[in-house]
């Protein structure tokens, strides 16, 4: 059986469907510094076969909506550093038979983003952790996938109340249920 790690930034992002026998759970804390520290600690203690990074994200693509699922196919820091890392094709192929998702590039910031003007034009979603998680996993040559659920649009749509974690949480459960079967 493969050694799988599920990494999230906050407790609220832990899928209700997660069970301890499915893999190790790590809650990194939010922000790039916590993301890097959590990955370094993990890698100093073990070498998992696969890492699933999941949770909520903000989105900048007007075609998306709350609850849509994004699989990362690239990462950018707030300073423009890039990591091109595509998930394993066989996992993507199997996953697309189970759930609908969009592929896109994530940009991570050290702060909450409220305006699109600071987001790079080729970005689909924004968060505070994925770049640092991906950098550490890529450097360590550990296969991984980042699958996040859209939670809020930047800037918010008129009359939309944020955060929308409770409305987006069922989609995290679905993502984890399907991924754990495929890895």
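Quick one: angle between helix 130-139 and the longest Cα principal axis of the chain, in degrees between 0 and 90, rounded to 10, please.
Result, in degrees: 30.
Output the antiparallel fraction of DSSP beta bridges having both residues in the stretch 4-182, as a percent to the nearest 5.
20
Which length gain, in nm to one decimal place, applies between residue 46 and residue 181 when the Cα-Cα distance is subtracted from 0.36 nm times their residue separation? Write out the running numbers ahead of the final one.
Numbers: separation 135, 0.36 × 135 = 48.60 nm, distance 2.21 nm.
Result: 46.4 nm gained on full extension.
Report, in deg cm²/dmol and to the nearest 500, the calculated mean residue ellipticity at 222 nm for the chain, where each DSSP H run with n ≥ 4 adds -39500 (n - 2.57) and the sum is divided by the residue count.
Mean residue ellipticity, 222 nm, calculated: -8500 deg cm²/dmol.
Can you give me the angle between helix 32-45 and the longest principal axis of the chain, using Cα atoms only, in degrees from 0 to 90, rounded to the nearest 10?
On a 0 to 90 degree scale, this one is about 10.
Enumerate the whole-percent occupancy of each 10 Å bin, from 0 to the last occupied one, for all C-alpha pair distances of the chain.
10, 42, 38, 10, 1
Test of understanding: what is the full-extension gain from residue 24 to residue 138, defined as 0.36 nm times their sequence separation minus their Cα-Cα distance?
Values: separation 114, 0.36 × 114 = 41.04 nm, distance 1.91 nm.
Full extension from residue 24 to residue 138 adds 39.1 nm.
Pick from 32, 155, 143: which residue has the top mean-square fluctuation in a GNM of the chain where Cα pairs under 10 Å get a spring?
155
Take residue 2 and residue 173, extend 7 Å from each Cα along the Cα→Cβ direction, and tell me the distance between the two endpoints in nm.
Spacing of the two 7 Å Cα→Cβ label points: 2.4 nm.
Give the span of the stretch 1-96's Cα atoms along each principal axis, as three whole-Å numbers ordered largest to smallest.
Extents along the principal axes: 39, 33, 27 Å.
Once the piece of chain linking residue 82 and residue 17 is laid out straight, how much longer is it, given 0.36 nm per residue of separation minus the C-alpha distance between them?
Full extension of this stretch gives 20.2 nm more.
FYI, it's all coordinate maths here, none of it is from the lab. Computed from a predicted structure; not experimentally measured. Ideal geometry is used to build each Cβ from the backbone, glycine not excepted, and the neighbour counts take in all protein chains shown.
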